[in-house]
Amino acid sequence: MATLFGSGIKRREDPRLITGSATYTDDVKLPGLCYAMFARSPYAHARLTAVNVAAARQAPGVIAVYTGQDVKDRLTPVPCAWNVPNCNLKIPAHPLLAHDRVRYVGDAIAMVIAETRAQARDAIDLVDADYEPLPATADPEKAAQPGAARLHEDVPDNLAFTWTVAGGDAAAAFDSAEVTVSQRIVQQRLLPTAMEARAAVASYNRGSGQLTMWVTSQNPHIHRFLCSVMLKLPEHRIRIIAPEVGGGFGSKIPAYPDEALCAFAAMELGRPVKWTEDRSENYKVTIHGRDHIEYVEMCGTRDGTITGLRTKVYAGLGAYASTAAPGIPTILHGLVYSGAYTIPNIHGVIHGVYTNGTPVDAYRGAGRPEAAYLVERLVDIYSRKIGMDPFQVRRKNFIPADKFPYTVATGITYDSGNYVGALDKAEGMLDLQAFRTEQAKARKDGRYLGVGVVSYIEICGLGPSQVAGAVGFGGGLYDSAIVRVYPTGMVRVYIGASPHGQGEETTFAQIVADEFGYPVESVEIIHGDTDNTPQGWGTYGSRTTAVCGSAVKVAALKLKEKAKLLAAHLLEANAADLEWKDGQFRVRGSPDKGKGFAELALMANVAWNMPPGMEPGMEATAFFDPTNFVYPFGSHICTVEVDVDTGQVKILRYIAVDDCGPPINPMIVDGQIHGGVIQGLGEALQEIAIYDDEAQLLTGTMMDYAVPKASQMPHLEVAHTVTPSPVNPLGVKGCGEAGTIASAACVVNAVADALAPFGIVHIDKPLTPARVWAAIQQAKGAKA
Amino acid sequence: MKRPVTLHINGRDHCVEVEPRALLVHVLRDDLNLTGTHIGCDTSQCGACTVLVDGQAVKSCTVLAVQAEDTRITTIEGMAQGETLHPLQMAFWEKHGLQCGFCTPGMIMTAVDFLAQNPDPTDEEIRHAIEGNYCRCTGYQNIVAAIKAAAVTLRTGAAGAAV
């Protein structure tokens, strides 16, 4: 029987999505629904001396108005859930509504509840607050300087933490190095821009004391936990439903004040409350990504052996510590400084800095794109300095395929890899020699072509719960599944993770259908409702398939084992004599005697004739906690042409060779790679959140923030190698973040190669025409 | 003050009381429960709210509901004929032209109008045609493939398939 594992079948979630019948949070309507809107600070930093809401309360349709003073003693501040140890982490209070001070543009000062959206919108304009402006900056390096305006009284120099990663002896390596290169790198702030902004609908039943919240969440169980803290409501009284969720990219991991305040209002008023973020609000208050200013160095020998890497990083956290924020530029960043290479000496110092910007947290890749970018940029800068081909330098320093599992200098152990295999494949797709010939010819004609290569690794499949605890993550990182087989043999699988576009309703059904010898239509995957799913930890960190998919597999295997014992009983055979063939347990040597899974499910559910000691029913639960993270990898190659008169960068070809282990559904894997690469190309070429000197966000709408459009993006050439992971029963790694981790550095490497004749070594992304043109003019000026 | 309007949507007349300032998209979603039309921005960039007005793709956040009287409106809910999907819906499904699905209704409505004007487009023409519709998940590649595949189906007159 052909397996569904490995088959690019159509997605089972699509019919509702292409017909407009899916239910996203804002589509939820309840009797008596009223609407919340928030009055927000126009100042980046100010003392809040008065909030006058009398006029708003009198406005048509207004039901209630709440200020920070109203809620501060009744609700717990927004918790931060990643207490990274050994870095002197300071987490100042983050009130749900500001009551004495505002710290970024968008900090909420009052919530208005009204009968209609329009009435709520009208009324927030009537909230009249008195501000005494204070000095502000959104620049993490400036905010960390002595004398910078302090955001939180108890956080000197705005330093949230100073975290160090060290392995080997970097100081000695640099002191004795034949070659050293260094670079200041700015990794700009980005706006995650899930196409669906955030929303919440809260409904409280006073009779039962139950709160139900529909919320745009990547991790409803984490939302339940954190809402329980903020609302001071027992966790078992809270039901979180993440219905259809329109993308997340990290921005729907955190707990936010506005969502919890909807629940507060619903409990106060005894009416359901809905809040829907608009895009301008989303850009102001939903978390941002990246925001690093880095001083980075690499050292090595003249013949291309990398011997050391050193960094000093100012990581902007924005005004408050968002849910996972402290872990992003530390655990998920510094620990992967070795990249795909055997760098023996590594030292990194990360300063987490509070600024007057929107809080920064996990954005697609979360710490790992920043690491891959600085490592891969440095490898190219070093290669240029020693006059070696960057492809060859990568090959020379790769961790060899026969050395896995391999422990790098930062102390983590990579599960499996074949880095040269992926690079060979990508290089073969390009024909590097032909491109170099074309490039040389073009240069003679005054045209500037370049090629960039990136060989990335990532740490994902988050992860072993014991490690999560050791690094201060405020939760587990196992995941879970209940496989429930009905009397007719139909299957429902309730999972702890919470996909929102990644297609696990299809891929997980493929896993189960294979085990039971079923068509995929007989298996339905249920997710997103904490009332019927087992405790799980959500969808992020490219973890859902590797961790939750493994739980699905383990639970299905438990049932298959039970079915086998039941089949042996019914066939009056020894279980050891049964084989699973063509969707049936058959007695070896008597191929006409067999029992299919559906029949066995019926017999288990009616329990008329069970083996002694076997419980009735056909249902199993599995909690899968991996023994290690998984480490997907790959090589991407990009060729570009730079118009040196305008600074315009044109991508000629983009080749992605990724290895995420065996793909369950290759069509879905390719789709993840496409989306990830394009997000990274947006980061490389056009996306940047810009604050002015007073920390006002200048890119506050989609008119100003350059989300990639179809006409701006290239066709991608996608291929794979397959190196299974030994740490889970599926052998799978993750593929959701891979593209983003690889592609930004790939483009910048290509542009730097194109502009090598000008002596240009580095240009900070995004490589807008203005920036590239300015770099060329500066280089020409320097040469003149 | 609210006023009554009659909107002709997906072949049916709907009488609703709306504020003169109400946007068509809000009336579709909030008053008529046609929630397949989505809102992804507040500056008419993203295209998630695209519907057909008299056959033309229009961002329904740029139209007041009262302006839409005496027009024929088609939303994503009106695309399938009973159980039979429109060739564009089918192609988005077959080519994996969607992930989270939020942009998909608007993307499909834009493509309907585009293919009516250009039944045999190149990839580049498709990319240009959908630049007013943002997608953050797919990187557009499979959307382009889906629209191209649907163009073939529509040209050859093949019927869609049932869900």
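The values are calculated or read from the model by the stated rules, or taken from the named source; none is laboratory data. None of these values were measured; they are calculated from a predicted model. Here the Cβ is made from the backbone with ideal geometry for all residues, glycine too, and neighbour counts use every protein chain on show.
For this structure, a couple of remarks:
- Among the candidates B:Leu88, B:Leu32, B:Leu52, residue that is more than 24 Å from B:Val144 (Cβ to Cβ) and not basic (Lys, Arg): B:Leu32
- Across region A:184-191, a minimum of one residue is classified as in contact with a Gly (Cβ under 6 Å, 6 or more places away or on another chain) and modelled with pLDDT of 95 or more.
- Among the residues of this structure, A:Ser455 does not count as one that is part of a loop (DSSP other than H, G, I, E, B) and modelled with pLDDT of 95 or more.
- Scanning region A:422-435 for residues that are out of contact with any helix residue (DSSP H, G or I) (no Cβ under 7 Å at 6 or more places or on another chain) and either among the aromatic types (Phe, Trp, Tyr) or on the phi < 0 side of the Ramachandran plot (or both) returns A:Ala422, A:Asp424, A:Lys425, A:Ala426, A:Gly428, A:Met429, A:Leu430, A:Gln433, A:Ala434, A:Phe435.
- Those residues of region A:227-256 which are basic (Lys, Arg) and either assigned to a helix (DSSP H, G or I) or away from chain B (no Cβ under 14 Å) (or both), in sequence order: A:Lys232, A:Arg237, A:Arg239
- For region A:679-687, the count of residues that are touching a Cys at 6+ places or on another chain (Cβ under 9 Å), among the small types (Gly, Ala, Ser), closer than 30 Å to A:Asp389 by Cβ and not assigned by TED's automatic domain parsing to the domain that holds A:Tyr540 is nonzero.
- Residue check for B:Ile143: within 11 Å of chain A (Cβ to nearest Cβ) and closer than 15 Å to A:Ile18 by Cα: yes
- Output for region A:49-65, where each listed residue is under 20 Å from A:Tyr104 (Cα atoms) and surrounded by 21 or more Cβ atoms within 10 Å (Cβ to Cβ): A:Val51
- Any hit, region A:641-662, residues being without any contact (Cβ under 8 Å) to a residue 24 or more places away in the chain and under 25 Å from A:Ile495 (Cα atoms): no
- Residue pairs meeting the criteria (Cβ under 8 Å; at least 6 apart or on separate chains; first surrounded by 20 or more Cβ atoms within 10 Å (Cβ to Cβ), in region B:113-137; second of a type in the set (Phe, Trp, Tyr)): B:Ile126/B:Phe114; B:Arg127/B:Tyr140; B:Ala129/B:Phe114; B:Ile130/B:Phe114; B:Ile130/B:Tyr140; B:Arg136/A:Phe249
- Look at (1) in contact with a Cys (Cβ under 8 Å, 6 or more places away or on another chain); (2) in the same structural domain as A:Asp258 (by TED's automatic domain parsing); (3) aromatic (Phe, Trp, Tyr) and you find that A:Phe161 fails only one, number (2).
- Search result, residues across region A:22-35 that are more than 7 Å from chain B (Cβ to nearest Cβ) and aliphatic (A, V, I, L, M): A:Val28, A:Leu30, A:Leu33
- Residue match in region A:691-703 (condition: assigned to a loop (DSSP other than H, G, I, E, B), touching a Cys at 6+ places or on another chain (Cβ under 6 Å), within 14 Å of chain B (Cβ to nearest Cβ) and in contact (Cβ under 8 Å) with a residue 60 or more places away in the chain): yes
- Single residue of region A:104-152 satisfying the filter (without any contact (Cβ under 8 Å) to a residue 60 or more places away in the chain and among the small types (Gly, Ala, Ser)) that is farthest from the other protein chains (Cβ to nearest Cβ): A:Gly147
- Flag for A:Gly617 being part of a strand (DSSP E or B), surrounded by fewer than 24 Cβ atoms within 10 Å (Cβ to Cβ) and not assigned by TED's automatic domain parsing to the domain that holds A:Ile457: no
- Flag if A:Lys396 is over 26 Å from the mean Cα position of the chain (by Cα) and loosely packed, with under 15 Cβ neighbours inside 10 Å: no
- Exactly one residue among A:Pro77, A:Pro15 is surrounded by fewer than 23 Cβ atoms within 10 Å (Cβ to Cβ), outside any loop (DSSP other than H, G, I, E, B) and either aliphatic (A, V, I, L, M) or out of contact with any Asp or Glu (no Cβ under 7 Å at 6 or more places or on another chain) (or both), and that residue is A:Pro15.
- Residue under evaluation A:Pro192, criteria (1) closer than 30 Å to A:Arg384 by Cβ; (2) assigned to a loop (DSSP other than H, G, I, E, B), criterion not met: (1)
One line per residue, one yes/no per condition, for (1) closer than 30 Å to A:Asp380 by Cα; (2) in a strand (DSSP E or B):
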{"position": "A:Gln119", "(1), (2)": "no, no"}
{"position": "A:Asp122", "(1), (2)": "no, no"}
{"position": "A:Lys142", "(1), (2)": "yes, no"}
{"position": "A:Gln183", "(1), (2)": "yes, yes"}
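- Filter result for A:Gln672 (within 13 Å of chain B (Cβ to nearest Cβ) and closer than 21 Å to A:Asp764 by Cα): no
- Residue count for region A:491-524 under the criterion of being farther than 22 Å from A:Gly463 by Cα and either free of Cβ contacts under 8 Å to residues at least 12 places away in the same chain or not hydroxyl-bearing (Ser, Thr, Tyr) (or both): the result is 15.
- Out of A:Gly411, A:Gly421, A:Gly496, sole residue that is of a type in the set (Gly, Ala, Ser) and over 30 Å from A:Ile91 (Cβ atoms): A:Gly421
- Sole residue being touching a helix residue (DSSP H, G or I) at 6+ places or on another chain (Cβ under 8 Å), modelled with pLDDT under 95 and either away from chain B (no Cβ under 14 Å) or under 24 Å from A:Val201 (Cα atoms) (or both), chosen from A:Thr3, A:Thr76, A:Thr19: A:Thr3
- The condition (being more than 14 Å from chain B (Cβ to nearest Cβ) and part of a strand (DSSP E or B)) is satisfied by just one residue among A:Ala93, A:Ala55, A:Ala44, A:Ala39: A:Ala39.
- Some residue of region A:655-671 being under 20 Å from the mean Cα position of the chain (by Cα), modelled with pLDDT of 95 or more and among the β-branched types (Val, Ile, Thr): yes
- Qualifying residue in region A:273-281 (condition: touching a residue at least 12 places away in the same chain (Cβ under 8 Å) and touching a Gly at 6+ places or on another chain (Cβ under 6 Å)): yes
- Any hit, region B:94-116, residues being farther than 16 Å from A:Leu17 by Cβ, part of a loop (DSSP other than H, G, I, E, B) and within 11 Å of chain A (Cβ to nearest Cβ): no
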